[in-house]
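Trainee: Encoded as structure tokens, here's the structure I'll be asking about.
Computed from the coordinates by the stated procedures, all read-outs in this text should not be read as laboratory data. No experiment lies behind these values; they were computed from the predicted model shown. Ideal geometry is used to build each Cβ from the backbone, glycine not excepted, and the neighbour counts take in all protein chains shown.
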Amino acid sequence: MADKQPKSADAKQVQQATPDQPAADVKTSASSAAEQPTTKAEKQATKPDPQAAELAELKQKSSAMEDKYLRAEAEIQNMQTRFQKEQATLIKYDGQQLAKDILPVIDNLERALAVEAKDEAATGLKKGVQMTYDHLEDALKRNHVTEVVALGQKFDPTLHQAVQTVPASDDQPAETVVQVLQKGYQLKDRVLRPAMVVVAQ
């Protein structure tokens with residue numbers, strides 16, 4: 001009996017020691033596991049992320065390229081609009097220089113028609129000049145070249161060129177064109193040559 005008691009006591013001691021040992025190990029493992037994530041988080045917080053920096057740089061480059069693209073597209077649109085306007089203007093006023101060159105011919109024909117015909121030969125010649133003048137004037141009208149209306153109209157510096165003034169009267173109100181010295185012409189809404197006029201003041 002005495003031999004069995006120490007054995008059981010030893011067994012109790014072994015049993016008590018055996019459960020205590022794993023508990024200590026678990027505590028130690030838990031504490032080390034708790035410390036380990038904190039250390040990794042601190043390292044990740046202090047160490048820069050190369051992927052994030054590269055992503056930010058790519059975003060900046062993309063934004064700069066997009067801005068350049070939008071600017072280039074706007075410039076191209078402005079150039080196209082300007083080109084279309086210039087082309088429309090050229091088409092609208094096509095033949096402007098030719099019309100300007102013909103105006104002195106019209107002036108000379110008018111001067112020839114102003115001369116009085118005194119014989120039959122002069123009358124026939126004048127008739128031919130009149131026919132030439134009429135054909136030329138008709139050609140100009142068909143190409144939208146028309147005479148500037150001046151006589152009796154209110155003086156307009158965009159259409160008329162005052163080369164002389166006369167005193168105003170009841171029949172000739174102030175700022176009114178009383179005489180046309182040289183006809184003016186315009187192509188559509190553009191003045192080719194202002195009318196040289198006398199204005200009452």
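Trainee: Can you tell me how much longer the chain between residue 170 and residue 117 gets when fully stretched, taken as 0.36 nm per residue apart minus their C-alpha distance, in nm with one decimal?
Mentor: 15.4 nm
Trainee: Could you work out the local net charge near residue 95, counting Lys and Arg as +1, Asp and Glu as -1, over the other residues with Cβ closer than 14 Å to its Cβ?
Mentor: Local net charge: +4.
Trainee: Please report the spacing between the Cα centers of the stretch 62-134 and the stretch 178-201 in Å, no decimals.
Mentor: 17
Trainee: While we're here: Can you find, among 150, 50, 132, the residue sitting farthest towards the positive end of the charge dipole of the stretch 46-176, where Lys and Arg contribute +1 and Asp and Glu -1 at Cβ?
Mentor: Toward the positive end, the furthest listed residue is 50.
Trainee: What number comes out for the charge environment of residue 65, summing +1 per Lys or Arg and -1 per Asp or Glu over other residues with Cβ under 15 Å away?
Mentor: Details: positive: 59, 61, 68, 71; negative: 57, 66, 67, 73.
Once all neighbours under 15 Å are counted, the net charge is 0.
Trainee: If you don't mind, there's one more thing I want to ask. Where the only charges are on Cβ atoms (+1 Lys, Arg; -1 Asp, Glu), what is the dipole of the stretch 77-201 about its Cα centre, to the nearest 20 debye?
Mentor: That gives the stretch 77-201 a dipole magnitude of about 560 debye.
Trainee: Do the alpha carbons of any pairs in 85/154; 59/85; 118/183; 126/183 sit beyond 29 Å of each other, and which pairs?
Mentor: Listed pairs above 29 Å: 85/154; 59/85.
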